[in-house]
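The values are calculated or read from the model by the stated rules, or taken from the named source; none is laboratory data. Source: prediction; values computed, not measured. Cβ: placed from backbone, ideal geometry, glycine included. Neighbour counts: every protein chain shown. Each accessible area value is taken on the protein alone, full model and side chains, heavy atoms only, with ligands, DNA and RNA left out. Shrake-Rupley method; radii C 1.70, N 1.55, O 1.52, S 1.80 Å.
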Amino acid sequence: MIGEKAFSKVFGSKNERQAKRMGPQVALINSLEPEIEKLTDAELRGKTDEFRRRLREALASRPDMEQLLSSGTKLTDDQKSALQGALDGILPEAFAVVREAGKRVVNMRHFDVQMMGGMVLHSGRISEMKTGEGKTLVATLPVYLNALAGRGVHVVTVNDYLAKRDA
């Protein structure tokens, strides 16, 4: 029987395997950067309406589409899965738009590892980061993506300074 350490050395840790799986998504986001950089501020803002339209189109075949895209309604597991899948379909472009907005508005560009952190949060998992690694910047990615569905997004912090600064 292979020991846990030996398994990890051969196949990588769970985190390393997850990071490897996210690599193609990050590469796709990065490939969109030159195209997104060329957009005017108005065109960049217009992407939000485009993403909302595409989200509606992706869910149009569902009779419960309005429920999926309205806040205050509890979703079944099937509905959550459908919404997650539709959001996943626009994730690379949405993250590229958020990265560009970050560069323009707060002069901060999301690094690849921060893109991965955003994907982890979007999937409902926990992304552990040290002080100074850009947790607040990372949060902008899944917040934007999930807000496109119109269901509302909550950001919680126990850090009073960040709560006031980033409100």
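Tabulated data for the structure shown
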item: Criterion (of a type in the set (Lys, Arg), surrounded by 14 or more Cβ atoms within 10 Å (Cβ to Cβ), within 17 Å of the chain's Cα centre (by Cα) and within 25 Å of LYS20 (Cα to Cα)) met by exactly one of LYS135, LYS103; result: LYS135
item: Failed criterion for LEU28 (all others in (1) free of Cβ contacts under 8 Å to residues at least 60 places away in the same chain; (2) closer than 22 Å to GLN84 by Cα hold); result: (1)
item: Qualifying residue in the stretch 9-31 (condition: surrounded by 13 or more Cβ atoms within 10 Å (Cβ to Cβ), more than 16 Å from the chain's Cα centre (by Cα), part of a helix (DSSP H, G or I) and at pLDDT 95 or above); result: no
item: Residue satisfying condition, being under 20 Å from SER31 (Cβ atoms) and assigned to a loop (DSSP other than H, G, I, E, B), within set ARG99, ARG109, ARG62; result: ARG109
item: MET108 vs. criteria in contact (Cβ under 8 Å) with a residue 12 or more places away in the chain, closer than 27 Å to ILE36 by Cα and open to solvent by 70 Å² or more (accessible area, probe 1.4 Å); result: yes
item: Qualifying positions in the stretch 112-167 - more than 21 Å from THR73 (Cα to Cα), assigned to a helix (DSSP H, G or I) and of a type in the set (Gly, Ala, Ser); result: GLY117, GLY118, ALA139, ALA163
item: Any chance ARG125 is closer than 17 Å to ASN146 by Cβ and surrounded by fewer than 16 Cβ atoms within 10 Å (Cβ to Cβ); result: yes
item: Candidates LEU162, LEU87, LEU137, filtered to the one that is touching a residue at least 24 places away in the same chain (Cβ under 8 Å) and closer than 17 Å to ASP49 by Cα; result: LEU87
item: Within the stretch 61-71, tally of residues that are closer than 13 Å to ARG151 by Cα, open to solvent by 20 Å² or more (accessible area, probe 1.4 Å) and in contact (Cβ under 8 Å) with a residue 12 or more places away in the chain; result: 4
